[in-house]
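The values are calculated or read from the model by the stated rules, or taken from the named source; none is laboratory data. Model, not experiment: these values are computed from the prediction. Every residue, glycine as well, gets a Cβ built from its backbone with ideal geometry; the counts of neighbours run over all protein chains shown. Accessible surface areas use protein heavy atoms only, side chains included; no ligands, DNA or RNA. Shrake-Rupley method; radii C 1.70, N 1.55, O 1.52, S 1.80 Å.
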Amino acid sequence: MGETEVGTGLRAKLRAYVEEAFLYLHPDVELRDEDQFLELGVIDSLGFVELVEEVQSRYGIAVDALEITEENFGSIDALVAFVERRRPS
Amino acid sequence: MVRNMGDRGSGDPLALDADATIARLADCTRAAVRELGRRGAVVAVSGGVDSGVVAALAVRALGPQRVLLLRLPERDIGDAASDLGLELAQALGAPTEEEPITAALEALGCYRRRDAAIRSVFPDYEPSWRHKLVRSAPTGALITFSLVVERPDGSTERRALPSAAYRALIAATNMKQRVRKLIEYTWADQLGYAVLGTPNLLEYDQGFFVKGGDGLADVKPIARLYKTQVYTLAQALGLPDEIARRAPTTETFSLPQTQEEFYFGHPYERMDLLVWARDADVPAGELAPRVGLTPDDVEAAYWEIGRRRVATRYLHAAAVTLD
């Protein structure tokens, strides 16, 4: 994926947030970076709104409603790619 | 199995024999009430078609004197709904009681909680402003919600609703459905009656109800009927015109609000076909021209229907008992 060193840190931070916010009642789930949150059933649609709010406030990204898709927010991989693409340099 | 739209011959997969359906549902309602050991039925009537059909079925099943129609007006909805309920009761010859719920909701803090949630998005909001909740378009993106307020000068403004405000607003407004249900069960206890619920198939299947509110009932006579089928029965049952033709609303917010803009994202006629076709494995490309959507839009709708079923399992779940 050609991820930068900064991106690796970003991945760890996003994963830590997702685990803390959404996986604390799912200790049996071993979340892989490509796993889809919806398919695993660990984040509901309102949970995605919380995830989007976190990304907006943490990285200063304005997210349009049409961007709130599984492609952008549906997995750790998707999140990292979206934030890398959109955050202010 | 992949089905095609012509499988049912007439071209309308939701066509039904209204008289036979009415007779069957009335028989089953009577049997269910008897099985529960109750001697009549309470139906809360909103002035809408669903509760109108359930009330009429109850009268067919049990006779008008074994049915109590409750009208539960609330200030955000206005009195017109209660007036329609009265018209229905008169048409059916059934007893009716009116119990306004505004004072109870005021005392419980429903409006205070709701107004605080709205002010977190519109700090200058005044309780006199009408408002409603609106979902995002059904594009295949995840569903998000916006709040619309109408200012005193008549202008409206729409802002995205953060998750905490959304939860607080829904929690507050769900009190309306739960207080209505409290009154229904109070009357049911007093009379030895069962409570009939009024969800149709779309609401039941897609989880569009409040747990412990309109989702709570002893019998749900029309939970397997699509909305278009409910309208068909309303005509066959001879309900007053204004009820038989009334558009579905949410009975919750002060600005006029359809179920489409709050929840389903599609008008009920289309939503009926989408739910039916998804379950019948009709390919999106085949359904698309029938419902006036692109195949991609149909796929997005199929996806949402499945997602909603998963997301609302909690609403259907009975209490978990432990060994």
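See the values below:
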quantity	calculated
Only listed residue being over 23 Å from residue B:213 (Cβ atoms), surrounded by 19 or more Cβ atoms within 10 Å (Cβ to Cβ), in contact with a Pro (Cβ under 7 Å, 6 or more places away or on another chain) and not polar (S, T, N, Q), chosen from B:301, B:244	B:301
Odd one out for residue A:11 among (1) open to solvent by less than 50 Å² (accessible area, probe 1.4 Å); (2) away from chain B (no Cβ under 14 Å); (3) under 20 Å from residue B:142 (Cα atoms)	(3)
Matching residues, segment B:174-197, being farther than 15 Å from residue B:45 by Cβ, among the basic types (Lys, Arg) and in contact (Cβ under 8 Å) with a residue 40 or more places away in the chain	B:176
Residue in segment B:38-46 that is under 29 Å from residue B:87 (Cα atoms) and at pLDDT below 95 present	yes
Residues (away from chain A (no Cβ under 14 Å) and either aliphatic (A, V, I, L, M) or touching a residue at least 60 places away in the same chain (Cβ under 8 Å) (or both)) located in segment B:298-316	B:298, B:301, B:316
Condition check for residue A:60: on the phi > 0 side of the Ramachandran plot and more than 14 Å from every other protein chain (Cβ to nearest Cβ)	yes
Filtered residues of segment B:262-275 (kept if surrounded by fewer than 18 Cβ atoms within 10 Å (Cβ to Cβ) and in contact (Cβ under 8 Å) with a residue 12 or more places away in the chain)	B:269
Residue in segment B:131-145 that is surrounded by 15 or more Cβ atoms within 10 Å (Cβ to Cβ) and away from chain A (no Cβ under 14 Å) present	yes
Residue within segment B:235-245 that is over 15 Å from the mean Cα position of the chain (by Cα) and more than 19 Å from residue B:51 (Cβ to Cβ) present	no
Flag if residue A:82 is in a helix (DSSP H, G or I), crowded, with 19+ Cβ neighbours inside 10 Å and at the interface with another protein chain (Cβ under 8 Å from one of its Cβ atoms)	no
Sole residue being outside any loop (DSSP other than H, G, I, E, B), surrounded by 15 or more Cβ atoms within 10 Å (Cβ to Cβ) and at pLDDT 95 or above, chosen from B:23, B:55, B:31	B:55
Residues of segment A:30-50 satisfying the condition of being assigned to a helix (DSSP H, G or I), more than 9 Å from chain B (Cβ to nearest Cβ) and open to solvent by less than 40 Å² (accessible area, probe 1.4 Å)	A:37
Number of positions in segment A:58-75 that are closer than 16 Å to residue A:16 by Cα and out of contact with any Phe, Trp or Tyr (no Cβ under 9 Å at 6 or more places or on another chain)	1
Neighbours by Cβ (under 9 Å, 6+ apart or cross-chain): first from segment A:66-78, within 9 Å of another protein chain (Cβ to nearest Cβ); second open to solvent by 40 Å² or more (accessible area, probe 1.4 Å) and part of a loop (DSSP other than H, G, I, E, B)	A:66/B:137; A:66/B:139; A:69/B:139; A:70/A:36; A:74/A:36
Residues being under 19 Å from residue B:244 (Cα atoms) and either of a type in the set (Ser, Thr, Tyr) or part of a helix (DSSP H, G or I) (or both) - total across segment B:65-88	9
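A quick yes/no check of all residues on (1) outside any helix (DSSP H, G or I); (2) under 22 Å from residue B:79 (Cα atoms); (3) within 13 Å of chain A (Cβ to nearest Cβ):
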| position | (1), (2), (3) |
| --- | --- |
| B:107 | no, yes, no |
| B:125 | yes, no, no |
| B:159 | yes, no, yes |
| B:166 | no, no, yes |
| B:179 | no, yes, no |
| B:184 | no, yes, no |
